[in-house]
Amino acid sequence: MAELKEINKKLEEIYHKIKAEIQWEPVGHTPMPEIADLRNWDMKLLQTYKPWYAPFCDLCCFCTYGKCDLTEDRRGACGIDIATQQARFVLLACLMGCSAHASHAGHILEVLIEKHGPDKKINLGTSIELEAPNIRTVLGLKPETLGDLKIAIEYVYKEIAHLLDSTAMGQEGSPLDYESKSLHAGMLDHVGMEVADIAQIVGFNYPTSVADTPLVDLGWNSVDKTKPIICFIGHNPATSTVVVDYLQENNLYDKVELCGICCTALETTRYSARAKVIGPFSRQLFYIRSGIADVIMTDEQCIRTDMPQEATKAGSALIAALDKAMYGLEDASDMPTDEIVKKMVEEKKHFAILDPRKAAEVAVKVAMAIAPQRRKQWLTEQEAQELAKKCSLCGMCETACPNLFDIGKGVSEVAKGNYEVIQELFNYCVGCGKCEEECPRHIPILKIMQVGASKETYKVRAGRGPIMDTEIRTVGAPITLGTIPGVVALVGCSNFPDIRDLAEIVDEFARRKYIVVVSGCTSMAVGMWKDADGKTIYEKYPPAFDAGGVVNVGSCVANSHISGAAIKIANIFAALPLRANYEVMADYVLNRVGAVGIAWGAYSQKAASIATGFNRLGVPVILGPHSSKYRRLYLSRKEEAEWKVMDARKREIVETGEPSPEHLAYVCETKEKAMVMIPKLCIRKNDTPQGRAIKLNHYISLYKKYMGGGLPEDLHLYVRRDADIPLVYKKEVKAYLTQIGWKPKEPVGLPTLIGTYPTKVPVDSVIH
């Protein structure tokens, strides 16, 4: 009885927070879910998509009982085994990523509530009525004001604390339960990101309910070097937007050049038409060392930790504008503005300034004061050649390079006046600077690379925020039936072996009439490529969320709009109630929405939590080179795994034998392998014969194109009946199927996992 009273008390508190008395939809089964509330759904996923752990480290060094060697079935002093330790590490990575976005959301929300008040209405335009699909689905809350968003972020904070608690010594002892907790953290991340971007759209008047946002200049040469230059680096626009306001208020808008690296750059272009984007995270060190920026303003996330040292070397002034990264600098927030400016100009001092208005004023005044005194250009070719002659081809740079590139050869060719090799290396470089650190002759390798780098100006489309409800109504049926072959979402950081990789992937799939969505640093990377006609991806393809469109939703936090689009398909097209109905939404997406995410290359903990959030929602993610360093994948065993679903119309459990999707988290080391895996992971059990034939056509043709010809060895698993076979490959496929003794099978009319595992959700809830 006491337990029942406690449950009722908890429900009353939740219902009060989510305004359950407002009946826009009945409250579902898991309002504001805690760690265990979606555990059964997670365990069902993990039953098929078993965690695979990379042996990145066999030791546990978490507490002073260790170091503990966990190899050969050993357990640590606390009893932990190696699988559980690896899973704990993954949870910590996801929590770092989730908390980064949640903290960003909380801070920007405080700033905007102070500016507009908590009653500021959320209005995302006439084409968006379903304004917060993640918040509605997870919490059961329909946010109407900025104040309502505080409820959502406070829920995220609470759950993060509980999850972090479980990672302490002497807590969780199951790798599967740690994985369930990682999936929970990933889901929370999408809520936090949604809070952040909705608040920014409303508070900063970003574009919304429009697809055709402006094309923004991108790249090294986009910046006007004749003006004082302020460069923003980070992810939080609370400071960059104030600089724009200050310039406008003081009639200086055309006198100072504004540019940026990483997501703050993207955010600023949503606020100001004059802002430029230099490039993604991988280009950060190159640009800083060029010395072009007069003032560098940092906020939070994806900022080099040696920023004061690098800024000093380049002769740039540095302002740390948020308390997340203060670099040991003196806090000048209470110092008179003129005194700060004087010290920065005359004494070359760097400061932390946590008052946004003061930071903006100082940045502008310092930039205008020091710009005339500074040299703003890359090395000349002659200077680069003279420096390159110091190279002894010792090989230290190659050994230090994470991709083991022959940097010495590139430098030695520059000494001869040949820049082709170094230019190609620049395209592959992740900008870590390790080569320079190890060079015994202190050759400025990155500056030499800059000489050979392309000086072209590219284009990136300004972020547009949520996918419009009107677009979902248009594409919902073709996506779920398979006649639009899939949605390909490219997210994460762009630190991969060749910066052109993702642009080529986008070009391939947009041309094949997939819907392509990009965000964050990836949205910049895909713009740094031109076709034979000199067009970038954004100039070549329309910006609509439709077949053949390429959509930039915005910065990292805008990833929530991609998961939100999947939820919208289930709600708007399939009419499934979403309020606090996470299992229903995830079940629909997994079985019926042909979508796949791509997080390519080495990346931060944020991309780990974003990807894991997509996984819980039923969206598979392809991870690129270096991704196994995050230690865990979600893999099926194809023909060995159980592929049972319930046909909800017949109320029968069916063993389909069809691995769709085959994996939830999978690594591809080359773009060619990714190109083949993408169409396969878009296959869903709900595909119509026409839709399945379209998807298999792409799978076969891409396999032939990138894998050397022939048919995929697992093709028979995806052909249910003759009607599924693409017409162009009919003869070849039928001969193969006859050879292996293939038998036709009936498609599943309404596939669902609900009803195949213990859950409070009735099967009737998925029939619409």
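The values are calculated or read from the model by the stated rules, or taken from the named source; none is laboratory data. This is a predicted model, so every value here is computed, not measured. All Cβ positions, even for glycine, are placed from backbone atoms using ideal geometry, and neighbour counts span all protein chains on display.
Points worth noting:
- In the stretch 215-232, the residues that are within 24 Å of Lys535 (Cβ to Cβ) form Cβ pairs under 6 Å with partners that are among the basic types (Lys, Arg), at six or more places apart or across chains, as follows: Leu215/Lys459; Leu215/Arg461; Asp217/Lys276; Leu218/Lys459; Trp220/Lys455; Asn221/Lys455; Ser222/Lys276; Val223/Lys276.
- Once the stretch 742-768 is narrowed to residues that are in contact (Cβ under 8 Å) with a residue 24 or more places away in the chain and basic (Lys, Arg), the residue that is farthest from Lys650 (Cα to Cα) is Lys760.
- Boolean, Gly79 is in the same structural domain as Ile35 (by TED's automatic domain parsing), among the small types (Gly, Ala, Ser), surrounded by fewer than 16 Cβ atoms within 10 Å (Cβ to Cβ) and within 24 Å of Pro51 (Cα to Cα): yes
- Any chance Val191 is part of a helix (DSSP H, G or I), without any contact (Cβ under 8 Å) to a residue 60 or more places away in the chain, among the β-branched types (Val, Ile, Thr) and farther than 22 Å from Leu46 by Cα: no
Rundown of residues vs (1) modelled with pLDDT of 95 or more; (2) acidic (Asp, Glu); (3) not in a helix (DSSP H, G or I), yes/no style:
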position	(1), (2), (3)
Met96	yes, no, no
Ser103	yes, no, no
Ile113	yes, no, no
Leu124	yes, no, yes
Glu131	yes, yes, yes
Thr137	yes, no, no
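- One residue stands out in the stretch 635-668 among those that are not charged (D, E, K, R) and not in a loop (DSSP other than H, G, I, E, B): the one that is farthest from Pro762 (Cα to Cα), namely Val667.
- So Leu490, is it buried (at least 24 other Cβ atoms within 10 Å of the Cβ) and either closer than 30 Å to Thr688 by Cβ or in the same structural domain as Val557 (by TED's automatic domain parsing) (or both): yes
- Residue match in the stretch 439-446 (condition: over 31 Å from the mean Cα position of the chain (by Cα), surrounded by 14 or more Cβ atoms within 10 Å (Cβ to Cβ) and in a helix (DSSP H, G or I)): no
- Any chance Gln373 is under 30 Å from Met326 (Cα atoms), of a type in the set (S, T, N, Q) and surrounded by fewer than 21 Cβ atoms within 10 Å (Cβ to Cβ): yes
- Count of residues meeting criterion [under 15 Å from Cys231 (Cβ atoms) and not in a helix (DSSP H, G or I)] in the stretch 292-324: 18
- Single match in Tyr538, Tyr514 (criterion: buried (at least 24 other Cβ atoms within 10 Å of the Cβ), under 29 Å from Gln423 (Cβ atoms), among the aromatic types (Phe, Trp, Tyr) and modelled with pLDDT of 95 or more): Tyr538
- Any chance Arg283 is more than 21 Å from Val366 (Cβ to Cβ), modelled with pLDDT under 95 and assigned to a helix (DSSP H, G or I): yes
- Residues that are in contact (Cβ under 8 Å) with a residue 40 or more places away in the chain, aliphatic (A, V, I, L, M) and not in a loop (DSSP other than H, G, I, E, B), drawn from the stretch 244-280: Leu247, Ala265, Leu266, Val277, Ile278
- Criterion: in a helix (DSSP H, G or I), under 19 Å from the mean Cα position of the chain (by Cα) and modelled with pLDDT of 95 or more - qualifying residue of Asn591, Asn571, Asn615: Asn615
- Residues in the stretch 569-595 that are closer than 19 Å to Thr688 by Cα and either β-branched (Val, Ile, Thr) or without any contact (Cβ under 8 Å) to a residue 24 or more places away in the chain (or both): Ile569, Ala570, Val589, Val593.
- Pair list, Cβ < 8 Å and 6+ apart or interchain, from the stretch 406-419 residues that are assigned by TED's automatic domain parsing to the domain that holds Gly395 to residues that are crowded, with 18+ Cβ neighbours inside 10 Å and hydroxyl-bearing (Ser, Thr, Tyr): Glu413/Tyr419
- Restricting Tyr419, Tyr327 to residues that are touching a strand residue (DSSP E or B) at 6+ places or on another chain (Cβ under 8 Å) and surrounded by 15 or more Cβ atoms within 10 Å (Cβ to Cβ) narrows the list to Tyr327.
- Scan of the stretch 620-660 for residues that are in contact (Cβ under 8 Å) with a residue 60 or more places away in the chain, crowded, with 24+ Cβ neighbours inside 10 Å and not aromatic (Phe, Trp, Tyr), ordered by number: Pro620, Gly624, Arg632, Val645
- Taking each residue of the stretch 22-38 that is assigned by TED's automatic domain parsing to the domain that holds Thr759 and under 18 Å from Leu164 (Cα atoms) and looking for partners that are surrounded by fewer than 21 Cβ atoms within 10 Å (Cβ to Cβ) and of a type in the set (Ser, Thr, Tyr) with beta-carbon atoms closer than 7 Å, six or more apart or interchain, yields nothing.
- Residue within the stretch 72-85 that is in a helix (DSSP H, G or I) and touching a strand residue (DSSP E or B) at 6+ places or on another chain (Cβ under 7 Å) present: yes
- Some residue of the stretch 202-210 being within 21 Å of Gly28 (Cα to Cα) and at pLDDT 95 or above: no
- Members of the stretch 689-741 that are in contact (Cβ under 8 Å) with a residue 60 or more places away in the chain, in a loop (DSSP other than H, G, I, E, B) and not hydroxyl-bearing (Ser, Thr, Tyr): Asp714, Arg720
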